[in-house]
Amino acid sequence: MRDAILRFAEHYNYVVTIFLMVAGLFIVIARGNMIKKLIGLSVFQTSVYLLYVGPSKIIGGTAPILDPAFKVYTNPLPHVLILTAIVVGVAVLSLGLALVVRIKEAYGTIEEDEIFAQETDE
């Protein structure tokens, strides 16, 4: 039991990442409100960011500056890629919110079930 707890404590960042991933996916699938779906998508994207950045940090590593005193370097590429992913995620979220506004103007609701009911009645 103690070994399991120690392994859990060593890899808590993966546990948090998996929890956020499952929670975000559940929100996207289970909710009919489009704003809540966008929030779930943002939570899911955040978990992916953590999944990439978590293992890329090397304890004791430093920036890759040529210095003979440092032996261990941290690769900056995952962090740069995640910054790009954050920008793309914000753009996707803003586009989604703009679409929700247009859907609200067209149908008078942002609930999927009500929109589907209106579409099948016509």
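Computed from the coordinates by the stated procedures, all read-outs in this text should not be read as laboratory data. Nothing here was measured: the structure is a model prediction, and the numbers come from that model. We place every Cβ from the backbone using ideal geometry, glycine too, and count neighbours over all the protein chains shown.
By how many nm would the segment from Arg31 to Val90 grow when fully extended, if each residue of separation counts as 0.36 nm and the alpha-carbon distance is taken off? Each step should come with its number before you reach the end.
Working: separation 59, 0.36 × 59 = 21.24 nm, distance 2.10 nm.
Additional length available on full extension: 19.1 nm.
Determine the gain in length on full extension of the stretch Leu77-Phe8; use 0.36 nm per residue of separation and subtract their C-alpha separation, reporting nm with one decimal. Present the calculation step by step, with values, prior to reporting the outcome.
On the way: separation 69, 0.36 × 69 = 24.84 nm, distance 2.76 nm.
Using 0.36 nm per residue and subtracting the Cα-Cα distance, I get 22.1 nm.
What value, in deg cm²/dmol to 500, does the helix sum -39500 (n - 2.57) over DSSP H runs of n ≥ 4 give at 222 nm once divided by the residues of the chain? Show your work: numbers first, answer last.
Values: 5 runs with 92 residues, N = 122.
Roughly -25500 deg cm²/dmol at 222 nm, from the helical runs in the chain.
Given the peptides 27-37, 89-99, arrange them by the average over their residues of other C-beta atoms within 10 Å, most packed first. Walk me through the numbers on the way to the answer.
Numbers: 27-37: 15.1, 89-99: 12.9.
Packing order, densest peptide first, comes out as 27-37, 89-99.
Compute the Cα gyration tensor for region 37-83, then decide on rounded, prolate or oblate, letting a ≥ b ≥ c be the square roots of its eigenvalues: rounded whenever a/c is under 1.5, prolate when a/b is larger than b/c in the other cases, and oblate in all that remain.
Values: a/c = 6.28, a/b = 3.33, b/c = 1.89.
Prolate shape, in that a/c is at least 1.5 and a/b is the bigger ratio.
When a/c reaches 1.5 or more, the comparison of a/b and b/c decides; with that in mind, is the chain rounded, prolate or oblate per its Cα gyration tensor?
On the way: a/c = 6.68, a/b = 2.00, b/c = 3.34.
Judged from the Cα gyration tensor, the chain comes out oblate (a/c at least 1.5, b/c at or above a/b).
Could you please report the charge total around Phe26, scoring K, R as +1 and D, E as -1 over all other residues with beta-carbon less than 15 angstrom from its beta-carbon? Provide the component values of the computation, followed by the final result.
On the way: positive: Arg31, Lys36, Lys37; negative: none.
Local net charge: +3.
Which net charge results for the neighbourhood of Leu41, defined as the other residues with beta-carbon distances under 15 angstrom from its beta-carbon, given Lys and Arg at +1 and Asp and Glu at -1? Before the final figure, lay out each step's value.
On the way: positive: Arg31, Lys36, Lys37; negative: Glu112.
Here the count lands on +2.
What is the gain in length, in nm to one decimal, between Leu99 and Thr46 on full extension, counting 0.36 nm per residue of separation less the C-alpha to C-alpha distance? Write out the running numbers ahead of the final one.
Numbers: separation 53, 0.36 × 53 = 19.08 nm, distance 2.15 nm.
Net length gain for the segment: 16.9 nm.
With a 10 Å radius around each residue's Cβ, average the other Cβ atoms per peptide and rank 71-80, 57-66, highest first. Mind showing how you got there, number by number?
Numbers: 71-80: 12.0, 57-66: 9.8.
Most protected by this proxy first, the peptides run 71-80, 57-66.
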